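Worksheet: one structure, shown below.
The values are calculated or read from the model by the stated rules, or taken from the named source; none is laboratory data. Fair warning: this is a prediction, and the values are worked out from it, not measured in the lab. Ideal geometry is used to build each Cβ from the backbone, glycine not excepted, and the neighbour counts take in all protein chains shown. With ligands, DNA and RNA removed, areas are computed over all heavy atoms of the protein, side chains included. Shrake-Rupley method; radii C 1.70, N 1.55, O 1.52, S 1.80 Å.
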Amino acid sequence: MTNDDLCFLSIAELGSLMRARTVSPLEVTEVHLARIARLNPTLNAFVTVMADQAREAARRAEAELAAGRWRGPLHGVPIGVKDIFDTADVRTTVGSSFYRDHVPAEDADSVRRLKDAGAVLIGKCNTHEFAAGSTTNNPWYGATRNPWALDRVPGGSSGGSGAAVAAFLCPGATGSDTGGSIRGPAACCGIVGLKPTYGRVSIRGIYPNAVSLDHAGPLTRTALDAGLMLQAMAGYDPHDPTCADVPVPDFTAGIDAGVSGLRFALCPDLHFVELDAAVARAIDGAAKVFERLGAKLETIKFSLAGEVQPTREAISRGEFLALHRERFAAHPEGYGTDLHPRFEEGARVTLDAYVRACRMREAIRREFDEILKSVDALLLPVAPSEAPLIATGAARVNGKDVTFGSGLAMRQVFNVAGLPSVALPTGVGEAGLPLSMQIVGPAWGEAHVLRIAHAYETATPELRRERPTAIR
């Protein structure tokens, strides 16, 4: 087995090998650090590589495993951390000029939980400034590049995490998702991204964007790995008022149960914009796969689709402005120019509009609750096209250059509703870049959507054989 062969293994595979002491945590950490050293100068997926801390954690994991103290499937596994998650004694820049030298004293709650599970934190992943965009073109720390095509964005705002996992620099990484910032990078980079139910994972110690829409979750290369990583991250945090005190199930216990007899719904109302033909074909193809596996498909309406974007924007813009208003007024030069319009838009959000949006959010949630009483999951695209170009922000949709705005609503709607959604690859488009779908289930149904995703992965192994072409 070569060094890169170890990097190509999943969390589940690495964890099993290390538990059996076939390979050591230090060996696994070293090969990932070597790959980071080779490829990160090109990709800019990591802004801080935690080499010394990772080696120390790997040695500790090695000693624990030798003594028979196995902490779980993540024990000894290298994990990347989005650079808005606090890491004790390791700088957390938030992708901002203001936090270039910021070193937190404590870990974010989810980071602490990953450490408790034995994970080896290997570095801090680049993010869009203040996690407030969908490209990860960061004005202070540089753009992260997509491993499939270096002139394309990896998505955002968890683009560094997405690129790192897709390029096999680490088998899993944390992300946050306020309007698609886990699922967007998963789609652009051809990996799996899980946005859990709102309140499933504590957001304490994660720099806020819009608190009532913020979620935290994993980016991995398989649905099984997403479940294993979520298992470590999830749990009630009494110090986080957004975190729910609900039982944490075994997210992977029934992952092999299949989908026979389940009912899935397609909902064109929730596409919001024109889909590229390749995306539409991929969604239709995925539906046919599920039908072959014994599921039933139907097409439904969503009556409040026209309310989704104004509702989400009033909440997200208003809460983001409230967080940054004073600092932006005093130091506008410390913010990248692409964030300035967000403050202008936020300033136009009236109190009446914000209150109306909060009420409409509840109506949107209730409509989804009713739908998910009659179907088991929704199948939707994550993005209307392949990843956009870094230089222009444009992507091709049926032969036209399009920059995204309302097209992001197809993933933002589930931040409004707070429902679990997993993004996973469905093939490649005309330019050879990944395409993706999201599977959405009822609140607290992470194990359910992961089971469906795993069934699709098992039925379509050919979609996961290709590796990113730009880093070979």
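Quick notes on this structure:
- Formal net charge of residues neighbouring ALA131 (Cβ-Cβ distance under 10 Å; K, R +1; D, E -1): -3
- The residues of the chain expose, per residue, 37 Å² of accessible area to a 1.4 Å probe.
- Cα gyration tensor category, rounded, prolate or oblate, for region 421-472 with a/c compared to 1.5: prolate
- Sites listed here are trypsin sites (Lys or Arg not before Pro) in region 311-390 whose DSSP assignment is loop and whose Cβ has at most 16 other Cβ atoms within 10 Å: ARG348.
- Peptides 150-159, 115-124 ordered by packing proxy, namely the average of other Cβ atoms within 10 Å per residue, highest first: 150-159, 115-124.
- Judged by the mean number of other Cβ atoms found within 10 Å, the most tightly packed of the peptides 219-229, 33-43, 253-263 leads the ranking 219-229, 33-43, 253-263.
- Nearest-0.05 FRET efficiency for ALA63 and LYS400, computed from C-beta distance (R0 45 Å): 0.20
- The portion of the accessible surface of the chain made up by carbon and sulfur, rounded to a whole percent, is 51 (1.4 Å probe; DNA, RNA and ligands excluded).
- Cut-off of 10 Å, at most 16 other beta carbons, DSSP loop: longest stretch of the chain lacking such GluC sites (Glu not before Pro): 107-273
- Region 197-274 shape via C-alpha gyration tensor axes, a/c threshold 1.5: oblate
- Percent of beta bridges antiparallel (DSSP, the chain, rounded to nearest 5): 70
- Antiparallel bridges, percent of DSSP beta bridges restricted to region 47-192 (to nearest 5): 45
- Global geometry of the chain, whether rounded, prolate or oblate, following the gyration tensor of its Cα atoms and the 1.5 cut on a/c: rounded
- Annotation: the antiparallel percentage among DSSP beta bridges lying fully within region 37-131 is about 45.
- Principal axis extents of the Cα atoms in region 1-48, from largest to smallest and rounded to whole angstrom, are 34, 18, 16.
- Calculated FRET efficiency, GLU344 to GLU274, Cβ-Cβ distance, R0 = 41 Å: about 0.90 to the nearest 0.05.
- ASP5 versus HIS239: modelled label distance in nm, points set 7 Å from Cα along the beta carbon direction: 4.4
- For the pair ARG100 and ARG472, a Förster radius of 25 Å applied to the C-beta separation gives a FRET efficiency near 0.15, rounded to the nearest 0.05.
- Computed with every protein chain present, the accessible area of TRP444 is close to 90 Å² [probe 1.4 Å].
- Sum of side-chain charges, LEU297 neighbourhood, beta-carbon under 9 Å (Lys, Arg +1; Asp, Glu -1): +1
- Annotation: extensible slack from LYS288 through LEU150 equals 46.4 nm (criterion: 0.36 nm per residue apart, minus Cα-Cα distance).
- Those residues of region 361-382 whose amide nitrogen sits under 13 Å from the label point placed on THR460, 7 Å along Cα→Cβ: 379-382
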